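Working notes, beginning with the structure itself.
The values are calculated or read from the model by the stated rules, or taken from the named source; none is laboratory data. It should be emphasised that the depicted structure is a prediction, and the values quoted were computed from it without experimental measurement. Cβ sites come from the backbone with ideal geometry, for glycine too, and all protein chains shown count toward neighbours. In case anyone asks, the SASA skips ligands and DNA or RNA and just uses the protein heavy atoms, side chains included. Shrake-Rupley method; radii C 1.70, N 1.55, O 1.52, S 1.80 Å.
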Amino acid sequence: DHIKTYSFEDLMGEDPVFREMVDLAKRACGSNASVFLYGETGTGKELVAQSIHYGSGRKNKPFLAQNCAALPESLLEGILFGTAKGGFTGAVDREGLFEQASGGTLLLDEISAMPYALQGKLLRVLQEDYIRRVGGTRDIPIDARIIATVNEEPEGLIREGRLRKDLYYRLNIVNLRLPPLRERKKDIPILVEHFLEKHNHRFHKEVWMVAEGAMEKLLDYPYPGNVRELENILMSAISLTEKEHVLTEKLIRIPKEDPDHHGEEKVRMEALRGSLDDYLVQTERKWIEEALQSAEGNISQAARLLGIKRQTLQHKMKKYGWKGDRVDASTKGNR
């Protein structure tokens, strides 16, 4: 997958706490130390991670990202560390992300979603600078800079047993906290101007400014989904304009505030765009695609990675229109 690349120019805002975080991130470019990023959903953690990578001496090497919440444990382990031929039935020699990111940077998103046992294996890799593929016996030296992110307070995650304390201390050499948008409200007009320009271009519109009432409305909202949510609100507003050059209050559609403070969850659910059923289907499909790719099309091995029976996997593949006993791994994503 081609990842859109970001640099420090994309980190916009004048808020002192935000600027201090950006300055620290710029300093982090000069070393290979692990970076631990904490910020709520939508605060721009991947932007900061990419800015550090592309501002460092590793910029011409790979930048790879893996969301640790997106995959089951057996599959995630194989994706990170790779697999060795003959290590288990149907296993093939396959590089994991640590090997693929050699010389570059590996972003581990939502690291607290990684199963506890796997966090222990990751800690060992960070301490020893080599990996052993799943089912393999050979130690392979690695050189990937790790940037890890969480979207909840790390101390709380450690208390709840979702993040290993020893792993946190090992990763937390450079610690960056991204402030939520509600704590940097003065940056909203700067961000609004940037998103106007970006989405005017995208939707072929000519919206040059925001009416006073519309700006007040934007400044009053607490943004549980942070900068990403502000961008979505503006994207929606700009796409609804016709010939206007001014964004009016009536075009700014802001979600009703939730008195129970479940706003962030609501934004997350809205962001799924569609019903829970659709989301579950998409997720299941993605898991199956990842497993088939990891298993190079071998259905028995893919079923093992997913922890389900071969017949169950075949039934699900039939549902999604995949045929045959083996699937060509290059057909990933074909309907």
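Kindly indicate whether Lys4 is under 30 Å from Val192 (Cβ atoms), assigned to a loop (DSSP other than H, G, I, E, B) and open to solvent by 50 Å² or more (accessible area, probe 1.4 Å). Taking the combined requirement at face value, the residue satisfies it. Taken together, the residues in segment 11-42 that are under 17 Å from the mean Cα position of the chain (by Cα) and either open to solvent by 50 Å² or more (accessible area, probe 1.4 Å) or among the acidic types (Asp, Glu) (or both) amount to 1. Does at least one position in segment 135-156 carry a residue that is under 23 Å from Ala65 (Cβ atoms), more than 21 Å from the chain's Cα centre (by Cα), outside any strand (DSSP E or B) and not small (Gly, Ala, Ser)? Looking for residues that are under 23 Å from Ala65 (Cβ atoms), more than 21 Å from the chain's Cα centre (by Cα), outside any strand (DSSP E or B) and not small (Gly, Ala, Ser), one finds at least one in segment 135-156, hence yes. Out of (1) assigned to a helix (DSSP H, G or I); (2) within 21 Å of Asp139 (Cβ to Cβ); (3) touching a Lys or Arg at 6+ places or on another chain (Cβ under 9 Å), what's the single condition that is false for Ser74? Among (1) assigned to a helix (DSSP H, G or I); (2) within 21 Å of Asp139 (Cβ to Cβ); (3) touching a Lys or Arg at 6+ places or on another chain (Cβ under 9 Å), the lone unmet condition for Ser74 is (2). Number of residues in segment 225-255 that are in contact (Cβ under 8 Å) with a residue 60 or more places away in the chain and either open to solvent by less than 10 Å² (accessible area, probe 1.4 Å) or not in a helix (DSSP H, G or I) (or both) equals 2. So which residues in segment 144-182 are surrounded by 15 or more Cβ atoms within 10 Å (Cβ to Cβ) and among the acidic types (Asp, Glu)? Within segment 144-182, just Glu152 meets the criteria.
Residues in segment 7-60 that are aromatic (Phe, Trp, Tyr), assigned to a helix (DSSP H, G or I) and in contact with a strand residue (DSSP E or B) (Cβ under 9 Å, 6 or more places away or on another chain): 1 in all.
Taking the criterion of being free of Cβ contacts under 8 Å to residues at least 60 places away in the same chain and assigned to a strand (DSSP E or B), the residues of segment 91-112 that qualify are Thr105, Leu106, Leu108.
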